[in-house]
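I have placed the structure first, in the form of structure tokens, so that the comments after it can refer back to it.
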Amino acid sequence: MVKVLKKTLSLGLLCVSFQALPYGEDLTFDKLKDSCINFSKYGYQRPPANIIVNCSNAEYDWEQVADGTSSVPTERFLSAGLISDKNKVSVKEYQVATNPYDFNCPNFKEVLKTLKLELKSSCTELVSFTGDLKDFCFKAIEDAIKSNPDIVSTVDTGKTLSSCNNKASPRRDVTHQKAN
């Protein structure tokens, strides 16, 4: 009875220790691919199976929410003078009324786009893949979005941007008086 109890206790502790480490040793992607080929080197009797690759993507992006308009002032200057064989009127400068320059400046909101994928894979697929785990997930995410853009979850972050808020930079050292 004591032997049976010890065996049961040992099996129970063994199960608990496997539950504490449910997926065994933590390997790099290259070592996991190697374990598919050289599985006995890793203490396996067969290559890994039931492989699930977890990929997630989070991207902050901007979406246009409304058209905005803005305008900036314009300036026009005219100089006029007169010369005759008898006299002259000195050159005088005049400012001429102009219309402002109107332009579109859309308003944007920031959004967070997320996607989580759980992909079933195999040793054959992983070993034949050239690249690292980041490349594998990047390709899977890009392919999933390309085939179904609605798969991405989008939430508004509350951050906004109005391109109309931009101010014109100061004029360079060029004036109308230097123009000929």
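Evaluate the following for residue 90: is it exposed (fewer than 11 other Cβ atoms within 10 Å of the Cβ), hydroxyl-bearing (Ser, Thr, Tyr) and part of a strand (DSSP E or B)?
When the stated conditions are applied, residue 90 passes them.
Testing residue 40 on (1) in contact with a Ser or Thr (Cβ under 6 Å, 6 or more places away or on another chain); (2) in a helix (DSSP H, G or I), one condition comes back false. Which one is that?
Every listed condition holds for residue 40 apart from (1).
So residue 85 passes all but one of these: (1) surrounded by 10 or more Cβ atoms within 10 Å (Cβ to Cβ); (2) more than 30 Å from residue 150 (Cα to Cα). Which condition number does it fail?
Condition (1) is where residue 85 drops out.
For the range 93-110, enumerate the residues that are part of a strand (DSSP E or B) and within 23 Å of the chain's Cα centre (by Cα).
107, 108, 109, 110, listed by residue number.
Could you please find all residues in the range 59-90 being within 30 Å of residue 115 (Cβ to Cβ) and either at pLDDT 90 or above or more than 60 Å from the chain's Cα centre (by Cα) (or both)?
59, 60, 61, 62, 63, 64, 65
Checking residue 172 against (1) modelled with pLDDT of 90 or more; (2) not in a helix (DSSP H, G or I): exactly one of these is not met. Which one?
All conditions pass for residue 172, except number (1).
Say we look at the range 111-153 and pick out the residues that are surrounded by 14 or more Cβ atoms within 10 Å (Cβ to Cβ) and of a type in the set (S, T, N, Q); which of these is nearest to the chain's Cα centre (by Cα)?
Once the filter is applied, the top-ranked residue is 121.
Kindly indicate whether any position in the range 152-159 is closer than 30 Å to residue 37 by Cα and of a type outside the set (S, T, N, Q).
No, the conditions are met nowhere in the range 152-159.
The values are calculated or read from the model by the stated rules, or taken from the named source; none is laboratory data. Predicted model, so just to flag it, every value in this text is computed and none were measured. Counting neighbours? That spans all protein chains shown, and the Cβs are built from the backbone with ideal geometry, glycine included.
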